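Down below is the structure, laid out as structure tokens.
The values are calculated or read from the model by the stated rules, or taken from the named source; none is laboratory data. What you see is a predicted model, and the numbers here were worked out from it, not measured in a lab. A quick note on method: Cβ atoms are made from the backbone with ideal geometry, for glycine too, and the neighbour counts reach across all protein chains shown.
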Amino acid sequence: MSQIARPPNRIALSHAIQVPWLGNGNEAVAKAIIDIGYDAEGYYPITPSSDVGEVVSKAVADGETDLAFIIGTSELAALSICAGVAVAGGRAVDVTSANGLMLKAEQMPAIAGLGLPMVLNLSTRDVSAPLNIKNGHSDLYAALGWGWIILLAPTVQAAYDMNIIAIKVSEAVNLPAIVAYDGFYTSHANRRIQVFRDQNDVRTFVGPPPFRKTLEAESGRFNLLDVNHPRTFGPYMNDDLINCKVQMDLKFEQAKELLPRIFKEFALLSGRHYDFVHQYGDRDAERCLVVLNTAGEAAKDAVDELKEKGESVNLVVPIVLRPWPEDEIVAAIGGAKRIVVAERASQYGASNYLANEIGAALQRRGNDARIIQRTYGVGGLNFTGKDALAMYDLAARWPKLEDKDEARTKWYYGAWAGDENYHPLPTLKPLTAAECSCNAGKDGKVNLRDLSSMPTRFDKHTACPGCGIFTTLNLFLRGIDGHVVFLFNTGCGMVVTTGYPLTSFKVPYFHNLFHNGSSTATGVVEMIKRYKARGEIPEDITAIVVTGDGGDDIGMDQVIGAALRNDPFILLEYDNKGYMNTGSQLCYTGFKGQRNSNAHLGAAQKGKLTHHKDIIEILRGTFAPYLATAAELHAVDMIRKARKAQATVRAGGFAFVKALSVCPLNWGMDEHVGPSAVEAMVNACMHPLVEIEHGITRVTIDPEKSGKKVPVSDAFRKMGGAYRHLLTPDYAPLLQEVQDEVDRRWMRLKAMSENALL
């Protein structure tokens with residue numbers, strides 16, 4: 001049940017010593033997290049917010065903070081970790097962007113309704129589809145009704161400051177808080193800012209965690225671990241729910257009352273003044289522009305330029321969105337008669353978000369000022385002082401406009417019409433089933449000469465030199481007959497093949513975000529089955545889901561579901577041991593001790609903390625009919641397994657194949673070393689080549705029998721800088737631990753291969 005809070009005690013503050021600090025917005029957020037002294041950060045990588053966790057995890061590894069850095073298997077898992085920390089009386093923080101926030105969606109209102117204080121940093125990015133990693137505010141607007149306090153940070157300095165303010169107000173009223181700053185414009189902008197020299201000044205300002213102790217008389221503070229006063233959090237509730245909603249609104253009213261005092265206290269501490277709204281220019285001007293975050297900073301140049309020309313305009317930049325500062329925004333708009341409300345998002349089929357709220361606020365006061373709505377900057381399009389000048393010019397000419405689109409009350413700024421005369425020629429020729437026939441004999445034997453003449457199902461791509469994804473994919477597809485449809489999870493394999501307006505694929509292709517390929521394929525094969533039953537598709541079509549870059553961490557539940565349902569498609573995973581498309585963050589298939597951008601080497605941590613996840617063994621428990629591993633250096637073995645996987649699908653079953661895929665860029669090795677690294681990993685039994693048919697295990701390549709088995713150190717020596725530290729004397733115990741685990745798993749596999757009952 002949501003908890004009612006008491007206002008925090010007043011703290012006597014004085015101006016604290018600050019020092020210059022150079023960094024970008026993500027690094028400033030990380031600096032604030034460390035200075036505040038959180039108990040834990042729940043983490044999952046997503047561009048452009050990933051760097052926050054990478055910086056924090058480096059500080060953890062170096063022993064600079066005792067924060068628990070916990071990497072979830074999805075965005076939802078990361079936020080659920082934070083919920084657990086908070087309900088147990090700890091301080092929790094998270095970071096995300098765009099579709100990451102969408103995946104957290106079911107947890108967001110729950111955290112607010114339960115009254116769990118925490119901070120979520122949102123590096124704003126447009127929500128796909130189509131996939132885009134640049135700035136937009138559609139993710140921010142999605143959160144408006146979830147019961148979270150929302151503070152905006154238009155600058156790198158504000159990104160640091162607002163984090164400190166956010167946790168204080170969050171804990172004061174028992175509501176979670178979002179700090180939103182623009183992806184790439186702020187997250188990756190390097191600026192010189194002021195930070196507190198002494199972390200104790202920050203921690204004194206924030207105050208002690210309110211739920212740390214067990215229940216005290218009249219405190220109203222309690223947590224899950226107070227076993228002497230057991231409480232139920234998150235009960236089932238019917239009619240009483242409306243009373244909880246009343247509590248939520250009362251908390252926001254309380255936050256609205258407390259924020260001015262907290263802003264004032266922060267000003268006393270730092271010398272930097274914040275308020276609900278930042279107003280710039282002439283409050284009495286007839287023309288006013290309302291924008292958020294970095295666009296407001298850019299628009300100041302336009303205000304100054306017009307002032308030099310003798311033109312008077314106003315600029316309003318909200319700093320707080322929830323609680324909604326209606327009185328302050330109306331006051332800041334002042335005497336404007338024509339107000340351009342420009343937003344980095346569009347509410348399709350209706351007026352835009354901020355424009356609606358401002359319009360309603362003015363209407364309640366009998367103000368008939370005209371609001372002109374413009375959607376700008378979506379997908380990362382720049383917004384400069386010149387663009388702000390265009391907005392003010394639009395307000396000056398309104399409503400005497402000849403262009404029909406420009407005359408719309410709500411429209412887009414910066415969009416362009418397509419060229420009606422542009423008719424692109426096809427760049428790829430569709431393949432026929434005959435062209436893609438392998439002509440293998442009934443005995444299943446593969447003739448490599450026959451396969452060498454097969455056309456590829458994809459063409460040019462922009463992968464890094466030495467990338468193993470497409471060598472693996474091309475080789476695997478040599479064993480697949482007939483028509484194919486691809487379903488790709490988000491990852492390097494998707495990003496480097498489908499840059500609009502071109503594609504690498506000669507066959508049908510669909511991308512449905514990071515982890516959803518398995519479930520999407522379930523729907524596709526259901527329709528294939530229906531169409532074939534009705535005789536509408538005479539030929540066989542094989543659906544292949546391609547995943548990697550950690551896609552079977554975040555998507556493991558969906559993979560297991562497809563396997564349990566025995567859905568007839570092939571899932572091919574290229575295992576490159578990390579989230580490579582977002583910057584080499586840790587995924588759970590990586591080896592223990594591996595260096596990642598969020599699993600650092602330092603006095604307090606030695607790379608990845610856990611042994612590599614064995615997806616094949618996880619899926620063994622689903623009793624899927626065909627599971628296998630493959631590697632590019634063993635071409636015939638891979639192609640045979642591809643044919644068996646397709647035969648399984650055609651018989652109505654699910655098939656999973658995990659292929660080893662090198663990543664020279666993020667492993668830190670020369671691209672020409674890839675094949676020999678794969679060979680070493682197979683011979684070290686770090687990636688054993690096996691297949692499991694209807695529960696019966698068979699080792700298909702045995703390096704022991706061939707006399708090629710090598711220690712894991714030989715493989716790590718080939719695999720580059722992400723692993724080479726394991727060969728140094730300081731890491732000898734960890735290297736031995738990895739060797740022992742690899743040997744244990746290998747011996748277990750051989751035992752199962754030799755005994756059908758296992």
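Which one of Ser74, Ser57 is farther than 19 Å from Ala604 by Cα and of a type in the set (S, T, N, Q)?
Ser74
Do we have Val195 as surrounded by fewer than 24 Cβ atoms within 10 Å (Cβ to Cβ), in contact (Cβ under 8 Å) with a residue 24 or more places away in the chain and among the hydrophobic types (A, V, I, L, M, F, W, C) here?
Working: surrounded by fewer than 24 Cβ atoms within 10 Å (Cβ to Cβ): yes; in contact (Cβ under 8 Å) with a residue 24 or more places away in the chain: yes; among the hydrophobic types (A, V, I, L, M, F, W, C): yes.
In short, yes.
Could you figure out which of (1) closer than 23 Å to Ser138 by Cβ; (2) crowded, with 19+ Cβ neighbours inside 10 Å; (3) out of contact with any Ser or Thr (no Cβ under 9 Å at 6 or more places or on another chain); (4) of a type in the set (D, E, K, R) isn't true of Glu106?
All conditions are met except number (2).
Answer yes if at least one residue in the stretch 325-336 is in contact (Cβ under 8 Å) with a residue 12 or more places away in the chain, buried (at least 20 other Cβ atoms within 10 Å of the Cβ) and β-branched (Val, Ile, Thr), and no otherwise.
The answer is yes; a qualifying residue exists.
Return the total of residues in the stretch 570-584 being assigned to a strand (DSSP E or B) and either β-branched (Val, Ile, Thr) or more than 18 Å from Asn489 (Cβ to Cβ) (or both).
1
Considering each residue of the stretch 381-390, count those that are closer than 11 Å to Leu306 by Cβ and buried (at least 20 other Cβ atoms within 10 Å of the Cβ), and give that number.
Going residue by residue through the stretch 381-390, those that are closer than 11 Å to Leu306 by Cβ are 385, 388-389.
Among the residues that remain, those that are also buried (at least 20 other Cβ atoms within 10 Å of the Cβ) are: 388.
Counting residues in the stretch 381-390 that are closer than 11 Å to Leu306 by Cβ and buried (at least 20 other Cβ atoms within 10 Å of the Cβ) gives 1.
Tell me which of these Asp368 doesn't satisfy, since it passes every other one: (1) in contact (Cβ under 8 Å) with a residue 12 or more places away in the chain; (2) surrounded by fewer than 18 Cβ atoms within 10 Å (Cβ to Cβ).
(1)
Out of the stretch 506-549, which residues are more than 21 Å from Ser128 (Cα to Cα), touching a residue at least 12 places away in the same chain (Cβ under 8 Å) and outside any helix (DSSP H, G or I)?
Lys506, Val507, Glu539, Asp540, Ile541, Thr542, Ala543, Ile544, listed by residue number.
Pairs, please: C-beta under 6 Å, at least 6 apart or cross-chain, first residue closer than 18 Å to Arg370 by Cβ and in the stretch 401-426, second not in a loop (DSSP other than H, G, I, E, B)?
Asp405/Trp411; Lys410/Gln373; Tyr413/Arg374
For Cys587, work out the one condition from (1) within 21 Å of Phe470 (Cα to Cα); (2) in contact (Cβ under 8 Å) with a residue 40 or more places away in the chain; (3) under 22 Å from the mean Cα position of the chain (by Cα); (4) not in a helix (DSSP H, G or I) it doesn't fulfil.
Only one criterion is unmet by Cys587, namely (2).
Out of (1) surrounded by fewer than 19 Cβ atoms within 10 Å (Cβ to Cβ); (2) within 21 Å of Cys436 (Cβ to Cβ), the odd one out for Glu526 is which?
Condition not satisfied by Glu526: (2).
Kindly indicate which of Leu103, Leu152, Leu114 is over 25 Å from Gln347 (Cβ atoms), in the same structural domain as Val85 (by TED's automatic domain parsing) and among the hydrophobic types (A, V, I, L, M, F, W, C).
Only one candidate passes the filter, namely Leu114.
Quick grid of which residues meet (1) of a type in the set (D, E, K, R); (2) modelled with pLDDT under 90; (3) in the same structural domain as Gly653 (by TED's automatic domain parsing):
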{"site": "Gly517", "(1), (2), (3)": "no, yes, yes"}
{"site": "Ile560", "(1), (2), (3)": "no, no, yes"}
{"site": "Leu564", "(1), (2), (3)": "no, no, yes"}
{"site": "Asp575", "(1), (2), (3)": "yes, no, yes"}
{"site": "Leu586", "(1), (2), (3)": "no, no, yes"}
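Restricting attention to the stretch 285-324, which residues are acidic (Asp, Glu) and surrounded by 20 or more Cβ atoms within 10 Å (Cβ to Cβ)?
Hit for the stretch 285-324 is Glu297, nothing else.
Is the stretch 347-369 home to any residue that is farther than 24 Å from Lys400 by Cα and of a type in the set (S, T, N, Q)?
yes
Yes or no: Trp411 closer than 24 Å to Gly380 by Cβ, modelled with pLDDT of 85 or more and outside any loop (DSSP other than H, G, I, E, B)?
Yes: the conditions hold for Trp411.
Which residues, taken from the stretch 616-632, are among the hydrophobic types (A, V, I, L, M, F, W, C) and either surrounded by fewer than 22 Cβ atoms within 10 Å (Cβ to Cβ) or on the phi > 0 side of the Ramachandran plot (or both)?
Across the stretch 616-632, the qualifying residues are Ile616, Ile618, Phe623.
Inside the stretch 9-76, counting only strands (runs of 3 or more DSSP E) that do not spill past its ends, which hold 1 or more residues that are in contact with a Cys (Cβ under 6 Å, 6 or more places away or on another chain) and surrounded by 24 or more Cβ atoms within 10 Å (Cβ to Cβ)?
Correct list: 40-43.
Restricting the first residue to the stretch 691-716 and requiring it to be among the small types (Gly, Ala, Ser), which pairs with a second residue that is surrounded by fewer than 19 Cβ atoms within 10 Å (Cβ to Cβ) and part of a loop (DSSP other than H, G, I, E, B) meet a Cβ separation below 8 Å and a spacing of at least six or different chains?
Every condition considered, the pairs that remain are Gly695/Phe623.
May I ask you to verify whether Arg745 is more than 25 Å from Val662 (Cβ to Cβ), at pLDDT 95 or above and among the charged types (D, E, K, R)?
no
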